[in-house]
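In what follows, a structure is listed as structure tokens, so that the remarks can point back to it.
The values are calculated or read from the model by the stated rules, or taken from the named source; none is laboratory data. Remember, it's a predicted structure, so these values are computed and weren't measured experimentally. Every residue, glycine as well, gets a Cβ built from its backbone with ideal geometry; the counts of neighbours run over all protein chains shown. Note: areas computed on protein heavy atoms with side chains; ligands, DNA, RNA excluded. Shrake-Rupley method; radii C 1.70, N 1.55, O 1.52, S 1.80 Å.
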Amino acid sequence: MMHFTPQQGRDLKKIAPLQVLLVDDDAAQRMLLTMTLERAGYEVLEAENGQEALDVCKSNPDIRLIITDLSMPVMDGFELIKAIRADQVRYMYLIVLTSTEDKQSVIRALSLGADDFLCKPALPEELKLRTMSGFRMLQMESTEELVFSMAKLSEYRSEETGCHLERVQHYTRLLAVDLSETCPELHLSSAQADEISRVSPLHDIGKVAISDAILHKPGRLTREEFEEMKKHTLIGGELLHDIYEKTRSHSIQIAFEIAKFHHEHFNGNGYPEGLKGDDIPIAARIMSLADIYDALTNKRSYKKAMSHDEAKEIILVERGKQLDPRVIDSFLRQEEVWQTIADQFIAVS
Amino acid sequence: MKIASLNTVHDFLTKSYGLTREETEKVLETYGCVVTETLTNLHKAVIAYDNEDTSRYAHSLKGALLNLGLDFHASEASFLEKDTQNGVKENHIQLVEQLIATLHNIIDASLGQELGKP
């Protein structure tokens, strides 16, 4: 069992304030904004022009949010935006300072990659709200990294073929986007379609609690072993439900639906709850087909990989039984793209 | 013509930014220096009929005046910024000198010293 030893000299109770880089050649403007931001609890770093800003970013890699004026000597705000977007490893949230009537500059800055803009005078309430909003966006990106890392951990343990999560993410996106456009009765928006795809890697997170003996058994599982394996849906669901309780994140709610119900069958013969038809969350119905297709078309320790056509035949047999007919129709509308994805993300064993 | 006053600016900074008296005075002092320098550069540029520099300094002045709550004078700076792009004219010089005269009393008061008028 691993024991975690905190690094010596590190006080874990102190959390470093979030850093904001303020870029403006006007010292008085920087002073006003710094006062507001520091009062709101941020640590403010300053630069007088774009070039200085880049230097500050290099020596302070934790900077994730920049507020910049556009008109500056040496390097203006437009060039700064371009330079940051061209070279960023982690996403930087960029807010530009502008005057109300300068719409052209705003459009130019946004098209170069700025995220938001603030009109002068940048009054404290608006400045604080837009900065908070920026950090919220950055947190979502971090959450997504976390989601994928969690999912990758469970993938390594279950020894799924490489790129399974990537393929499944693409398949679910194809299905979800197509269904949002073709089946209005599903009430699936394009934003939800995107969410389903983003959290799909978490579908088997519950497998982290399944024993190695069962998870890695090369042959067919016994009845008892299969009952044990089925628990991964409940475990994954419980785990994600707990996270949802704390975060109230809509994405995590969808992840919960996928993890818990992706083995339900359209005809009610699935598990863990025997849900039927439209009672099964659409995210889970989408995940079901994606997971089945990927399992069929990739090698496992107990079977060879099937061709696309062989997998398609099996999927068609399950119309109305294991799988929702509308989801199957969506798959059929786009099967060439599925084949391309399957070919592109080939497992390297 | 609106006359800018130090009290106007003081009130704006205190109410809009929630600054303490000490912070307001610090901000005013800094702005006093910034606006002085910008006005000096703006005047030099406009009397040299340098439209590029005039527009640039007018843009800087506009930003500073907006932050001080001097919207009317900011709009004058904005007019200078745009209108001088096609060439400096006599009315632009007059407007700059008018701005200097109008803002003079704020700058004097914020810096606590006399400044010579152009």
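So that you can scan it fast, the table gives a plain yes or no per residue for (1) surrounded by 13 or more Cβ atoms within 10 Å (Cβ to Cβ); (2) touching a helix residue (DSSP H, G or I) at 6+ places or on another chain (Cβ under 8 Å); (3) modelled with pLDDT of 90 or more; (4) more than 23 Å from A:Ser251 (Cβ to Cβ):
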position	(1), (2), (3), (4)
A:Asp102	yes, no, no, yes
A:Asp116	yes, yes, yes, no
A:Cys163	yes, no, no, no
A:Leu174	yes, yes, yes, no
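Of all the residues in segment A:34-85, those that are in a loop (DSSP other than H, G, I, E, B), open to solvent by 50 Å² or more (accessible area, probe 1.4 Å) and more than 14 Å from chain B (Cβ to nearest Cβ) number 2.
Between B:Tyr31, B:Tyr17, the distinction of being touching a residue at least 60 places away in the same chain (Cβ under 8 Å), open to solvent by less than 20 Å² (accessible area, probe 1.4 Å), within 12 Å of chain A (Cβ to nearest Cβ) and in contact with a helix residue (DSSP H, G or I) (Cβ under 9 Å, 6 or more places away or on another chain) belongs to B:Tyr31 only. Can you spot a residue in segment A:317-324 that is touching a helix residue (DSSP H, G or I) at 6+ places or on another chain (Cβ under 8 Å), open to solvent by less than 40 Å² (accessible area, probe 1.4 Å) and in contact (Cβ under 8 Å) with a residue 24 or more places away in the chain? Yes, because at least one residue in segment A:317-324 is touching a helix residue (DSSP H, G or I) at 6+ places or on another chain (Cβ under 8 Å), open to solvent by less than 40 Å² (accessible area, probe 1.4 Å) and in contact (Cβ under 8 Å) with a residue 24 or more places away in the chain. Tell me, yes or no, whether segment A:9-25 has at least one residue that is within 14 Å of chain B (Cβ to nearest Cβ), open to solvent by 40 Å² or more (accessible area, probe 1.4 Å) and either under 28 Å from the mean Cα position of the chain (by Cα) or at pLDDT 90 or above (or both). Yes, segment A:9-25 contains a residue that is within 14 Å of chain B (Cβ to nearest Cβ), open to solvent by 40 Å² or more (accessible area, probe 1.4 Å) and either under 28 Å from the mean Cα position of the chain (by Cα) or at pLDDT 90 or above (or both).
For segment B:34-52, taking the residues that are in a helix (DSSP H, G or I) and charged (D, E, K, R), the one that is nearest to the other protein chains (Cβ to nearest Cβ) is identified as B:Glu37. If the condition is being open to solvent by 50 Å² or more (accessible area, probe 1.4 Å) and either farther than 17 Å from A:Lys58 by Cβ or in a helix (DSSP H, G or I) (or both), then segment A:86-100 contributes A:Ala86, A:Asp87, A:Thr100. The residue that is least open to solvent (accessible area, probe 1.4 Å), among those in segment A:203-221 that are of a type in the set (Val, Ile, Thr), assigned to a helix (DSSP H, G or I) and closer than 19 Å to A:Leu239 by Cα, is A:Ile205. In the set B:Leu111, B:Leu61, B:Leu115, only one residue is under 16 Å from the mean Cα position of the chain (by Cα), at pLDDT 90 or above and aliphatic (A, V, I, L, M); that residue is B:Leu61. Close Cβ contacts (under 7 Å, 6 or more residues apart or on different chains) running from residues in segment B:61-78 that are within 17 Å of B:Asn91 (Cβ to Cβ) and in contact (Cβ under 8 Å) with a residue 60 or more places away in the chain to residues that are in a loop (DSSP other than H, G, I, E, B) and among the small types (Gly, Ala, Ser) comprise B:His73/B:Ala4. Of the residues contained in segment A:297-308, none is found to be in a helix (DSSP H, G or I) and of a type in the set (Phe, Trp, Tyr). The set of residues in segment A:239-258 that are assigned to a helix (DSSP H, G or I) and surrounded by fewer than 15 Cβ atoms within 10 Å (Cβ to Cβ) comprises A:Asp242, A:Glu245, A:Lys246, A:Thr247, A:His250. Here's a check for you: in segment B:1-14, which residue that is among the polar types (S, T, N, Q) and part of a helix (DSSP H, G or I) is nearest to the other protein chains (Cβ to nearest Cβ)? Ranking the candidates gives B:Thr14 first. Screening segment B:55-90 for residues that are in a helix (DSSP H, G or I) and open to solvent by 70 Å² or more (accessible area, probe 1.4 Å) and picking the one that is farthest from the other protein chains (Cβ to nearest Cβ) gives B:Glu90. Scan segment B:71-108 for residues that are at pLDDT 90 or above and within 17 Å of A:Gln29 (Cβ to Cβ) and the total you get is 5.
It is to be established whether one or more residues within segment A:212-234 are aromatic (Phe, Trp, Tyr) and over 21 Å from the mean Cα position of the chain (by Cα). There is at least one residue in segment A:212-234 that is aromatic (Phe, Trp, Tyr) and over 21 Å from the mean Cα position of the chain (by Cα).
Of A:Glu273, A:Glu264, all but one fail to be within 26 Å of A:Ile214 (Cβ to Cβ), assigned to a loop (DSSP other than H, G, I, E, B) and open to solvent by less than 30 Å² (accessible area, probe 1.4 Å); the exception is A:Glu264.
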